[in-house]
Amino acid sequence: MNTNEEMQLIEAVREFAENNLNDPEYLEKFSPEMWKKIADFGLLGITVDEKYGGLGESYHTAAAVFENLGYSCKNNGFVFVVNNHIWVSQNLIYLYGSEKLKDKYLCDMTAGKRIGAICITEAESGSDALSMVTKAEKTDDGYILNGSKAFISNGPIADIFIVFARTGEENNKSFTAFVVEKDFPGVKIGADIEKMGLGSCPTSEIVFDNCIIPKENVLGRYNFGSLIMTMALEWERCFEFVPHIGAMRRVMERCIEHVRSRKQFGRPIGDYQAVSHKIADMKVGIEMSRAMLYRIVDLKDNMKTAFIDTSIFKLYVSEAYIKTCRDAMQIFGGYGYTKEYDIERELRDALACSIYSGTNEMQKNTIYNFTTNGESL
Amino acid sequence: MIKIVVCLKMVPGKLINAEAGGLIINPYDLFVLEKLAELKKSSDISVIGICMGGESARDGLIRSKALVCDDIYWLNDIKFAQADTIATTKTLTAAIKKYIPDADAVICGGHAIDGETGQVPAELSEKLGITYFSSVADIESFGNDSAVIVRRDERQEMTVRCRYPFLLSVDSFLTYASNLNVIALKRAQKWEYKIISAEELGIASTDCGASGSKTKVINSVNIIYKKESIEIGGSIKEKADHVKKLLQQ
């Protein structure tokens, strides 16, 4: 149940998104103008304290707002850019950064003057993130970072990177998280990688070649990067997937409209159970996702951990979202397979969510490990 | 600083969006607020909203505050209800004279979409004794002693410089305000709105609301002009063939 204040915010966000974020020209490429508009609208600092230019809203409110952003903004790639910026870069500085780091970066990030990105994945370490080879060495003035990160969402447009690097001795799994600016010496941004979907979220490789990082740019504590990474994944597995619930609603509504108007054998196709059950599955997916979401945000609003809950949430939402889009394609038949109807883009965008934030197979490992206390592994 | 009063009316949201509930800012008033929000970025103006309405007007007032209003006077009393144009004018006049006597400009939406006579702006200017400009299509700027507006009717468009004080009746409308910002919206949610009763305003009950009205609406029916329509279904080719056939007919 949303409060009246939440409803006013939701209404404002929906109006804003419908009027500003659905330009067909930018469904497959990033729009700096749209970024400026959402920054001016004030949404980027939704949970950040007002002293850093944020709204200071609860995670409950943020969940309601972002579900509706996902519903009203059909540009899934752009929503992904916003999510990467807010939840796994700005939010990490806000929650785990020193006062100095917060003062240095947060106001610019909530105002959208600087875009954030997170760098964990490497060419040879995807699911096995802890086998990363990017390394930071301590110097008298700070750190020297060497290595490269792969498939970095927001990479080509980001100004600030949260970079995880090995900082322990050989064979020691100690990591540290750093805040790295794109203009630090030794940062090289790769070209935008063409992807199957989410075209409006630029993605690239980021190379650190003797990159010099000042001492104060350690995020959290030195050698405590694994903890920050765990937290980052928890935020990511929750909030990156909230807009997908809204996207499912949007796709479902299009399907309902279609099954009512499309007639075959003299009847609307919604009269046939083979079709109507698909809509029922969509509705179940949406409601179950929501139920899990609000359990998680209540935990987060009470500053409790939700690692396993977010893993289950990520797994469930991504599978429900992909199934919704696949079923939509089936319901729309030949029309769905055409570019004109835009269902194929929804499906292409959705497919990535079983991969990012940890593949669904890795989520199942995590859930199994947690459930059995790891005894069977 | 130029002091501008905006008269605000809340109207049923379903008149714009069939699925919407509650009240929204009258689209003609919304145009005024949006215009003032833009002009405020470059002009030294202060905007004071004034609204006659019950509790259901709150959401619209929050939006008005978030958009541009520095202050809002909310005339909220059952005694104000069911006012005709004369009673409305008397109430608004009393409020402006009491709370914003030094207003440089008063701006009203030229119409309300929920059934209106369009008389209040003219009556209000008469009661306030200030110059009246009707058919205003746009407001270009606010200077120290005058403002530049654009008036438009069926025959011509005129750019006019008008000296303060004056009242504008604006005939342009908007259904979406692009200057709304969620940070301002949140501040507006927390803001304490000044609720003014008839007693506080010092207006006799015979001058406001139903008792002060010379006219009473006995019945109101929306006239909907229906056009015959047909739904064209099928594949793109089938649709195209159907349209072709219709055009040939």
Tell me whether region B:133-249 comes out rounded, prolate or oblate; compute the Cα gyration tensor, take square roots of the eigenvalues as a ≥ b ≥ c, and use a/c under 1.5 as the rounded threshold. prolate
Ordered by number, the trypsin sites (Lys or Arg not before Pro) in region B:119-177 that occupy a DSSP loop and have at most 13 other Cβ atoms within 10 Å are B:Arg155
Relative contact order as a percentage, chain B, C-alpha pairs under 8 Å and 6+ apart, gives 25 percent
Can you give the calculated 222 nm mean residue ellipticity of the protein assembly as shown, where each DSSP H run of n ≥ 4 adds -39,500 (n - 2.57) and the sum is split over every residue, rounded to the nearest 500 deg cm²/dmol? -13500 deg cm²/dmol
What FRET efficiency, computed as 1/(1 + (r/R0)^6) with R0 = 35 Å and r the Cβ-Cβ distance, is obtained for A:Ile212 and A:Asn369, rounded to the nearest 0.05? 0.35
Does anyone have the angle between helix A:76-85 and the longest principal axis of chain A? Alpha-carbon axes, 0 to 90°, nearest 10? 30 degrees
Add +1 for every Lys or Arg and -1 for every Asp or Glu among the other residues with Cβ under 13 Å from the Cβ of B:Lys244, and state the total. +1
Pairs B:Lys97/B:Lys190; A:Lys283/A:Lys323; A:Lys113/A:Lys182; A:Lys195/A:Lys339: which are spaced more than 20 Å apart, C-alpha to C-alpha? B:Lys97/B:Lys190
What GluC sites (Glu not before Pro) in region B:138-218 are in a loop by DSSP, with at most 13 other Cβ atoms within 10 Å of the Cβ? B:Glu154, B:Glu192
Please average, across the residues of A:4-14, the number of beta carbons from any other chain that are within 10 Å of each residue's own beta carbon, and give a whole number. 4
When the Cα centres of region A:205-235 and region A:45-64 are compared, how far apart do they sit, in Å? 24 Å
For A:Ile312, the net charge from surrounding residues (Cβ-Cβ under 13 Å; K, R +1; D, E -1) works out to +1
Determine the alpha carbon to alpha carbon distance for each of A:Lys37/B:Lys3; A:Lys37/B:Lys40; A:Lys149/A:Lys364 and list only those over 27 Å. A:Lys37/B:Lys3
Work through the residues other than A:Asn2 whose Cβ is under 13 Å from its Cβ and net out their charges, Lys, Arg +1 and Asp, Glu -1. -3
Relative contact order (%) - chain A, alpha-carbon pairs under 8 angstrom, separation at least six: 16 percent
Row for chain B, column shape: gyration tensor on C-alpha, a ≥ b ≥ c, rounded if a/c < 1.5 i.e. under 1.5, prolate if a/b over b/c, else oblate; value prolate
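Calculated FRET efficiency, B:Ser211 and A:Ser58, Cβ-Cβ r, R0 35 Å, to nearest 0.05?
0.15
For region A:221-326, which trypsin sites (Lys or Arg not before Pro) are in a loop by DSSP, counting at most 12 other Cβ atoms within 10 Å?
Passing sites in region A:221-326 are A:Lys304.
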For the pair A:Ala191 and A:Glu319, what calculated FRET efficiency results from E = 1/(1 + (r/R0)^6), where r is the Cβ-Cβ distance and R0 = 22 Å, to the nearest 0.05? 0.10
On C-alpha positions alone, give me the angle between the axis of helix B:236-248 and the longest principal axis of chain B, in degrees, nearest 10. 90 degrees
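Rule-based calculations on the coordinates, nothing more; no lab input. Since the structure is predicted, the reported quantities are computational estimates derived from the model, not experimental observations. All Cβ positions, even for glycine, are placed from backbone atoms using ideal geometry, and neighbour counts span all protein chains on display.
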